[in-house]
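A.B. asks: Here's a structure for you.
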Amino acid sequence: MNLQTHIIKGFHWPRHYTSAVAIGWHVDGEAGPIGSDPKNKEHLAARSMGQYGVTTAMPRILDIHDDLDIPASFFIPAYLVKEYPELTKRISEASVSHEIAYHGYMHENVFMVTDKEEDDLFDLQVTIMQEELGRKCSGWSAPGWGVRENTLQNMFKHNFLYDSSLMEYDRPYILCYDEKKMVELPISMVLDDYEIYGASLYPHGGGVNATAEEGYQIYREEFDGLRAYGGLFTTTFHPCILGRPGRLMMLKRLLAYMKSFEDVWFATYEEIATYVKEEFIR
Ligand SMILES: [Zn+2]
């Protein structure tokens, strides 16, 4: 493997900022259950659980971002972008400038496909996003955190500005593959709502179903810590999970708390990766 990861020496946030927040939503919709098992195309209840995130939760989530003037990055499987034109229209018409980014075609975990199938899926999602959005996206976050060498090769082939799936550091860093470089905006399982509220119908039901308050505590602690260490707070929030009404009330309180600090930069993943590339990649 020719991959090397580089921490950025002398890293600093722009202007007066000392840390950053990038709110990432993984809008999996019905691509979540279908991607994990094609038989779920017939599973109307599992599909409807994903659809709740798209049709019921997303308008409320966009309202919260509007109310607090906080941008977000929406990682959306290409299948959903094609099936729900209203979804991307609402995102692009919001008063805050949001980002739409890659998240597979049908939310495939790359460890479930061959290299050739993965290559074809990358070509397909890039083509569909270009057709539906009129532009290429800047980056991706891996469905199910499936990333391997062939995945990186595809990201470099399509000139992705950033990846947001790895976890070695807690501020932006650089992925080097042969002579090519890409920005990594690290994620954390601590900030993946599935780990706290992951009660799900598929693959087999069960899981956890914590109170909204437990999530608030974990997210606030991590935000306070990352702010103290000058880190990057990225989230993996799912509309069908964190978009339940009680949790949205908690989210609004959490975002308002984080927004009260003037030294925290709220930006999309694309804005942060652009800053990092221009400032630190030679
Ligand atoms: Zn996802």
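A.B. asks: By a straight-distance test (C-alpha under 26 Å), which lysines pair with LYS157 as possible cross-link partners, with residues fewer than eight away in the same chain excluded?
C.D. replies: LYS82, LYS116, LYS136, LYS180, LYS181, LYS277
A.B. asks: Here is a further query. Can you bin segment 56-140 into rounded, prolate or oblate? Criterion: square roots of the alpha carbon gyration tensor eigenvalues sorted a ≥ b ≥ c, rounded for a/c under 1.5, prolate for a/b above b/c, oblate for the rest.
C.D. replies: prolate
A.B. asks: Kindly identify segment 178-278 as rounded, prolate or oblate by the Cα gyration tensor criterion: order the square roots of the eigenvalues as a ≥ b ≥ c, call it rounded if a/c is under 1.5, otherwise compare a/b with b/c, prolate if a/b is larger, else oblate.
C.D. replies: The shape class here is oblate.
A.B. asks: Would you give the gap between the C-alpha center of segment 250-282 and the C-alpha center of segment 17-51, rounded to a whole Å?
C.D. replies: Computed from Cα coordinates, the inter-centre distance equals 24 Å.
A.B. asks: Right, next: In deg cm²/dmol and to the nearest 500, what is the mean residue ellipticity at 222 nm of the chain if only DSSP H runs of at least 4 residues count, each as -39500 (n - 2.57), divided by the residue total? If you can, show how the numbers build up before the last one.
C.D. replies: Working: 12 runs with 121 residues, N = 282.
Dividing the helical sum by the residues of the chain leaves -12500 deg cm²/dmol.
A.B. asks: Okay, next question. Pick from LEU68, LEU121, LEU80: which residue has the top mean-square fluctuation in a GNM of the chain where Cα pairs under 10 Å get a spring?
C.D. replies: LEU68
A.B. asks: Additional query: Return the long-range amide H neighbours of PHE233 (sequence gap of 5 or more, or a different chain), with a cut-off of under 5 Å between placed amide H atoms.
C.D. replies: Here the answer is ALA20, VAL21, ALA22, since their amide H atoms fall under 5 Å of that of PHE233.
A.B. asks: Using a cut-off of 11 Å between beta-carbons, work out the net charge of the residues near PRO77 (Lys and Arg +1, Asp and Glu -1, PRO77 not included). The partial results should precede the final answer.
C.D. replies: Values: positive: LYS82; negative: ASP28, GLU30, GLU83, GLU108.
Charge balance near PRO77 sits at -3.
A.B. asks: If you average the alpha carbon positions of segment 203-242 and of segment 52-77, how far apart do those two centres end up, in angstrom?
C.D. replies: 16 Å
A.B. asks: Tell me, what is the percent relative contact order of segment 3-280, built from C-alpha pairs under 8 Å that lie six or more residues apart?
C.D. replies: Averaging sequence separation for qualifying contacts and normalising by length gives 29 percent for segment 3-280.
A.B. asks: Find the percent of Cα-Cα distances in the chain that exceed 35 Å, and round it to a whole number.
C.D. replies: 12 percent
A.B. asks: Karplus couplings for segment 71-78 from phi (6.51 cos²θ - 1.76 cosθ + 1.60, θ = phi - 60°), rounded to Hz, Gly and Pro as x?
C.D. replies: x, 9, 10, 10, 8, 10, x, 4
A.B. asks: Let me ask something else. Hey, which lysines would be in cross-link range of LYS252, C-alpha to C-alpha under 24 Å, not counting anything within fewer than 8 residues on its own chain?
C.D. replies: Hits, sequence-local ones excluded: LYS89.
Readers should treat all values here as calculations from the given coordinates under stated rules, not as data from a laboratory. Computed from a prediction, not measured in an experiment: that's the story for all the values here. Counting neighbours? That spans all protein chains shown, and the Cβs are built from the backbone with ideal geometry, glycine included.
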